[in-house]
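Note sheet for the following structure.
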């Protein structure tokens, strides 16, 4: 027994060290997973990357829209976090940034593949899709009989042999084509395009500049409404799950994402959201609109006037456009219950002060509104020296009146807050100016104010402006 005793001790020590190392490894993993979610909560903001296209994210007539945009908005409300959306059509870059922790979430309909599972973790599937061959219909197709038409299209996967197919780089489409080439025992010439989005490649096929491409079925259906001359009837794959992606090991974040998805995927609002962007027959009506951000940098039909008068007061025209959207949705005929009218919804007294009346044109209304913004800016300049920060004070004053904002500044000063900073300082006191504790304070001169309205007004205008500057050029 004595001969075995030292061996047993050594073996025990080795086992202890192994289990200790395993426990340390598991602890490190758990800490990393927890820290991922804790870091996001502490930051108070979820950073998600999505693609800029006609389904995921775009701006139409001044309003940010898109399936992923609206779904992310619901998610941020559910999580109680602010939302920061980054736009990127470079999948390679998005994968790298996610793995490096620069993004928290890839909010893209990513096909779940074994290769991708090695790089990132996936959420609960958001839906299913198949990969579809996109090809241009022959000239005169609308007058052809079915058999004649179908005989000119690729219907068998075997017929892809020796064909050139162009796809977006780093997508599951290239992987599928490589597998298909093996399956048919012949070469498919696969061209991966780095600087083009899926929709841009589809458009090149529709225009006859490229012969063939591959995309997800839901995207193919949407684009067939924009380009009726593309054929999307040839299926190249079985149904595959699509999901969002998170950093490898970010299980705590994935837990909350999955909770949100499983609680909502079967609800009516989600079905309506999906149908809105993927099954809406009217989507082609705005695809060719000059006010779709994908087609240029126009927000509204009044852009030139907004630019003219914004320049005179030194404001970014996109901020003024965001304010106008908030006030009137670019409808010059709107009149509020309080008598505010025109695109910029000037109150009667303010309108008169800046030379605006019922007979004034839309251009004159914008001119008067920007003059009012400039006047507010001058009044607040001594108290808020930073011009960028001052914009928030001006927006609040435009909405609720300068007097109430000055009250909030005095309350902030009394409570030792920074009177030249809006967020978490002056904004807090304006928000709570409906509380008797604050509106009855001796430093307050203008009394009660329903502070949530100007508070949310500033947040909405600034948030929309930040969306504008991503895709609307100055």
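Annotations for the structure displayed:
- Cα centroids of the stretch 260-331 and the stretch 346-398: 24 Å apart.
- Rounded tilt (10° steps) of 362-380 against the dominant C-alpha axis of the chain: 80
- Footprinting exposure proxy ranking of 74, 473, fewest other C-beta atoms within 10 angstrom first, gives 473, 74.
- Anisotropy class of the stretch 175-239 from Cα gyration tensor, a/c 1.5 cut: prolate
- Relative to the longest principal axis of the Cα atoms of the chain, helix 452-471 runs at roughly 50 degrees.
- Among beta bridges identified by DSSP and lying wholly in the chain, the antiparallel ones come to about 65 percent.
- The chain: C-alpha gyration tensor shape, a/c 1.5 cut-off, then a/b vs b/c: oblate
- Likely footprinting exposure, 97, 344, fewest C-beta neighbours within 10 Å first: 97, 344
- The Rg/Rh ratio of the stretch 131-237, with both radii computed over alpha carbons and Rh defined as the Kirkwood radius, is 0.95.
- The relative contact order of the chain, computed from alpha carbon pairs under 8 Å that lie at least 6 residues apart in sequence, is 15 percent.
- Order of 111, 419, 73 - criterion: other Cβ atoms within 10 Å of each residue's Cβ, fewest first: 73, 419, 111
- Helix 172-184 and the long axis of the chain differ in direction by around 20°, with both axes built from C-alpha atoms.
- Across the stretch 303-471, Cα pairs under 8 Å and at least six residues apart give a relative contact order of 17 percent.
No value in this document is a laboratory result; all are computed from the given coordinates. Please read these numbers as outputs of a predicted model, since none were measured by experiment. When we count neighbours, we look across all protein chains shown, and the Cβ atoms used for this are built from the backbone with ideal geometry, even at glycine.
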